[in-house]
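Below you'll find the structure, written out as structure tokens, and then a few comments.
The values are calculated or read from the model by the stated rules, or taken from the named source; none is laboratory data. Since the model is a prediction, treat every value here as computed from it, not as a measurement. Virtual Cβ from ideal backbone geometry, glycine too; neighbours counted across all protein chains shown. Heads up: the accessible areas ignore ligands, DNA and RNA and are worked out on the full protein's heavy atoms, side chains in. Shrake-Rupley method; radii C 1.70, N 1.55, O 1.52, S 1.80 Å.
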Amino acid sequence: MVDPSTTRRNSEEFPPGYGDLRLVSGDQAVFHFHLWLLAYMSPVFKDMETLGSMRQEGNNREISLSEDEPTWSTILRFIDPKKKNPPLDYKSLPKLLEAGRKYQIDEVRNWVEWWLLENESA
């Protein structure tokens, strides 16, 4: 029997053809996203692009990430101008803040901090 945690599956929201980069989450979700946009938002991804530290398979570039599918789905929906900002909840905030810090995506950290201020009395 195949362990579902090791079987890759494409993101429905960021399917093949959506972007030129494959991001593979720690739980094996594959997000197809625009490298230029990710590099614009994150100096870490910009350095990966500049230094050529992404795995290359033909014309496709791929990065394996340790964070889970919900974390990356939320981050990508937030930074993609074609998508609506996803809803946040207290449970997801630590992972979002950590990923924002790790990849130096200041806008994600600012968004989470804004959300906390807006919801502190709730």
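Report the antiparallel proportion of the DSSP beta bridges in the chain as a percent, rounded to a multiple of 5. Don't skip to the end; give the middle numbers.
Details: 7 of 13 bridges.
That works out to approximately 55 percent antiparallel.
Among GLN56, TRP114, TRP72, which residue has its Cα furthest toward the positive end of the charge dipole of the range 44-122, with +1 on Lys/Arg Cβ and -1 on Asp/Glu Cβ?
Positive-end residue among those listed: GLN56.
What number, rounded to the nearest 500 deg cm²/dmol, is the helix-based mean residue ellipticity at 222 nm of the chain, given -39500 (n - 2.57) per DSSP H run of at least four residues and division by all its residues? It would help to have the intermediate numbers written out before the result.
On the way: 5 runs with 51 residues, N = 122.
Here the helix-only value at 222 nm equals -12500 deg cm²/dmol.
Full extension from GLU13 to SER92: what is 0.36 nm times the residue separation minus their Cα-Cα distance, to one decimal in nm?
Details: separation 79, 0.36 × 79 = 28.44 nm, distance 1.86 nm.
Here the segment from GLU13 to SER92 would lengthen by 26.6 nm.
Once the Cα atoms of helix 69-79 and of the chain are each reduced to a long axis, what angle between those two axes, in degrees from 0 to 90 to the nearest 10, is obtained?
For 69-79 against the chain, the angle is about 80 degrees.
For the range 72-122, what % of the accessible area comes from carbon and sulfur atoms, probe 1.4 Å?
Numbers: 1670 of 3260 Å².
Using a 1.4 Å probe with all protein chains present, the range 72-122 comes out at 51 percent carbon and sulfur.
In the range 65-122, which trypsin sites (Lys or Arg not before Pro) fall in coil by DSSP and have 15 or fewer other Cβ atoms within 10 Å?
Numbers: sites: ARG77, LYS82, LYS83, LYS84, LYS91, LYS95, ARG101, LYS102, ARG109; in loops: LYS82, LYS83, LYS84, LYS91.
Hits after loop and neighbour filter: LYS82, LYS83, LYS84, LYS91.
Which of the following values of Cα Rg over 2.2 N^0.38 Å was calculated from the structure shown: (i) 1.20; (ii) 1.08; (iii) 1.28?
Given (i) 1.20; (ii) 1.08; (iii) 1.28, the structure-derived one carries the label (ii).
With a ≥ b ≥ c taken as the square roots of the eigenvalues of the C-alpha gyration tensor of the range 71-122, please select rounded if a/c is under 1.5 and otherwise prolate if a/b is larger than b/c or oblate if it is not?
oblate
Give me the one-decimal nm value for the distance between modelled label points at ASN85 and LEU117, 7 Å along each residue's Cα-to-Cβ direction.
Roughly 1.2 nm, to one decimal.
Can you give the local net charge around PHE33? Use residues other than it whose beta-carbon is closer than 9 angstrom to its beta-carbon, Lys and Arg +1, Asp and Glu -1.
Working: positive: ARG22; negative: ASP20, ASP80.
For residues surrounding PHE33, the net value is -1.
Hey, what angle do you get for helix 93-102 against the long axis of the chain, alpha-carbon based, 0 to 90 degrees rounded to 10?
Roughly 60 degrees, rounded to the nearest 10.
If R0 is 22 Å, what FRET efficiency do you get for TRP36 and GLN56 from their C-beta distance, rounded to 0.05? Walk me through the intermediate numbers first.
On the way: r = 17 Å, r/R0 = 0.76.
Efficiency at R0 = 22 Å is approximately 0.85.
With every protein chain kept in place and ligands, DNA and RNA left out, what is the accessible area per residue of the chain? Probe 1.4 Å, answer in Å².
Accessible area per residue: 60 Å².
I'd like the distance separating the alpha-carbon centroids of the range 15-39 and the range 76-93, in whole Å.
That distance is 16 Å.
Under a point spin-label approximation (7 Å from Cα along Cα-to-Cβ), what is the VAL44-SER66 distance to one decimal in nm?
Taking the two extended label points, one gets 0.9 nm.
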